[in-house]
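To keep things clear, I will list the structure first and then write my remarks on it.
None of the figures in this text is laboratory data; all of them are computed from the coordinates on show. As the structure is a computational prediction, the values presented were derived from the model and not from experiment. FYI the Cβ positions are ideal-geometry reconstructions off the backbone, even for glycines, and counts take in every protein chain you see.
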Ligand code: NDP
């Protein structure tokens, strides 16, 4: 008997193919019991506080500050002082050094950040480790490279920093959204007051330690934690020159109304209801992976998630069958387990919102499929879900669910696919699966979406601009385009900037 046969015989003993737990250790993270706000390069005691928890276990992780209008005022004053006393006039090559340092420190401490991101936000460790952290560092590297080349990026336009940027970010990619906002702002010579989301403040607070290690001058980045009231105080503050917001369309609209006529600059990155469009000539198994990645990545808490699947009628049945089979292999559970594919829902409130929309899908007549899976007893969980038999008018086909819930619709012709894909108030992203390059280009020209992925989904790169149309917002983040919202130009008046 050969060695191979012998091993095969031994392996056949067990029929149990379930995964053994592979937990990432939390030891690497040292949390303080209590955090204040990070203002002017130092910790400032918070007068009001709240507890931040782990959504997977509901345990309290730390007590953090609930920023008041007075805290925001202090932070804006510190940012203004730093802007005027050095940062805005520092040569770009010097600013770049700080950004490169921050990028390298994020790389060095990436495991610590990844564990904390998963603890506080509920996302699987393999995603925070392999996506959030590498991309956050890449954004700092990328914009470090631009800091001393702004004159070349915008020739004959004399680019200048704007001043103090107020930045408000959501809970789905806490550190990555911070990087998207802070890196271009600093590269252009602005200073920053950033408010993380209420449920996920901890990686932003750990980031303050990176700023200290990088010896960033005090006041260049200030972080004030708190809920929507803190965000509103930042929006209203007269000392802020620009607001950059990522979050819900509803709050984005309120901010736009509030800022109308104030002269403050604004960029909004809001919701989406992306169509992921699958033609019958696609590589089906590859498309299945793209569909799964499109909607179940980060529990579907993704503004550009492929939440509406448009399938060409001729392959509807085999596709849905393969999809259901693939769904049954997804592992839902402990975010710190390296085998986990779908982690915890970020908050009780978000879970309620998903449950409410899923109930509406059932009531309106869609057919629901959820693979058998045992959800943990504590924490906030929702099984990966597919709705078939969905009409365009159903709420689950119209509204952003922001959870692991896919709505499947069908089409016959490319024209019909375009009509259905564009039939939404949003316009952030879309996916196209076909083997024909000409069809990809034809579709991309007609899809009203800021990003169109072809034969892939949820690919991000700091060099590539990201942003929406219609109710998905305006302004671009990433790439050369991502610098513009943080700059004033000699010709701003004539261009309406
Ligand atoms: P919000 O739009 O409320 O939150 C985004 C950020 O804005 C958070 O930091 C939030 O603080 C802050 N904020 C809330 N109210 C105000 C205000 N009046 N003025 C200024 N800032 C404010 O999103 P939610 O977290 O409530 O999520 C609700 C829905 O929004 C989700 O179900 C999802 O559909 C969508 N969403 C979309 C995102 C995207 O990337 N496009 C990201 C997150 C959510 P706080 O954390 O305290 O609420």
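Summarised in one figure, the compactness ratio Rg/Rh of the stretch 16-72, Cα atoms and Kirkwood Rh, is 1.20. Principal axis extents of the C-alpha atoms in the chain (largest first, rounded to whole Å): 73, 52, 50.
Expressed in Å, the radius of gyration and Dmax of the Cα atoms of the stretch 265-353 are 15.2, 49.
In the stretch 129-257, one over the average inverse separation of all distinct C-alpha pairs is 15.3 Å, which is the Kirkwood hydrodynamic radius.
Given q = 0.13 Å⁻¹, what are the Debye log10 I(q)/I(0) values for the stretch 158-232, with equal point scatterers placed on the Cα positions and solvent ignored? Listed by q, the Debye log ratios stand at -0.36.
Any idea what angle helix 249-259 forms with the longest principal axis of the chain, computed on alpha-carbon atoms, 0 to 90 degrees, nearest 10? Tilt of helix 249-259: around 20 degrees. Here the contact order of the chain, divided by its residue count and restricted to Cα pairs under 8 Å and six or more residues apart, works out to 17 percent. Relative to the dominant Cα principal axis of the chain, helix 69-84 is inclined by about 70°. For the stretch 384-432, the Kirkwood hydrodynamic radius from C-alpha pairs, put into Stokes-Einstein at 4 °C and a viscosity of 1.567 mPa s, yields a diffusion coefficient of 110 µm² per second.
Using only alpha-carbon positions in the stretch 425-497, the gyration tensor eigenvalues give semi-axes of 28, 13, 11 Å once each is multiplied by 5 and square-rooted (largest first). The helix-only estimate of mean residue ellipticity at 222 nm for the chain, built from DSSP H runs of length n ≥ 4 each weighted as -39500 (n - 2.57), is -11500 deg cm²/dmol after division by the residue total. The C-alpha atoms of the chain define a longest principal axis, and helix 316-327 lies at about 70 degrees to it. When a/c reaches 1.5 or more, the comparison of a/b and b/c decides; with that in mind, is the stretch 55-179 rounded, prolate or oblate per its Cα gyration tensor? Oblate, because a/c is 1.5 or more while a/b does not exceed b/c. Normalising the average separation of contacting C-alpha pairs (under 8 angstrom, six or more residues apart) by the number of residues puts the relative contact order of the stretch 81-209 at 33 percent. If you look at the Cα atoms of the stretch 336-453, you get an Rg and a Dmax of 16.6, 50 Å. Taking 37 °C and 0.692 mPa s as conditions, the stretch 135-175 diffuses translationally at an estimated 258 µm²/s according to Stokes-Einstein applied to its Kirkwood radius (Cα pairs). Here the stretch 236-306 is treated as a sphere whose radius is the Kirkwood value from Cα pairs; by Stokes-Einstein at 20 °C and 1.002 mPa s it diffuses with a coefficient of 145 µm²/s. Spatial offset of the stretch 278-346 relative to the stretch 111-164 amounts to 27 Å, using the alpha carbon center of each. In angstrom, the C-alpha Rg and Dmax of the stretch 206-258 are 13.7, 39. Highest mean first, the peptides 352-360, 368-376, 58-66 sorted by other C-beta atoms within 10 Å per residue fall in the order 58-66, 352-360, 368-376.
Between the beta carbons of residue 392 and residue 90, assuming R0 = 41 Å, the FRET efficiency works out to 0.20 to the nearest 0.05.
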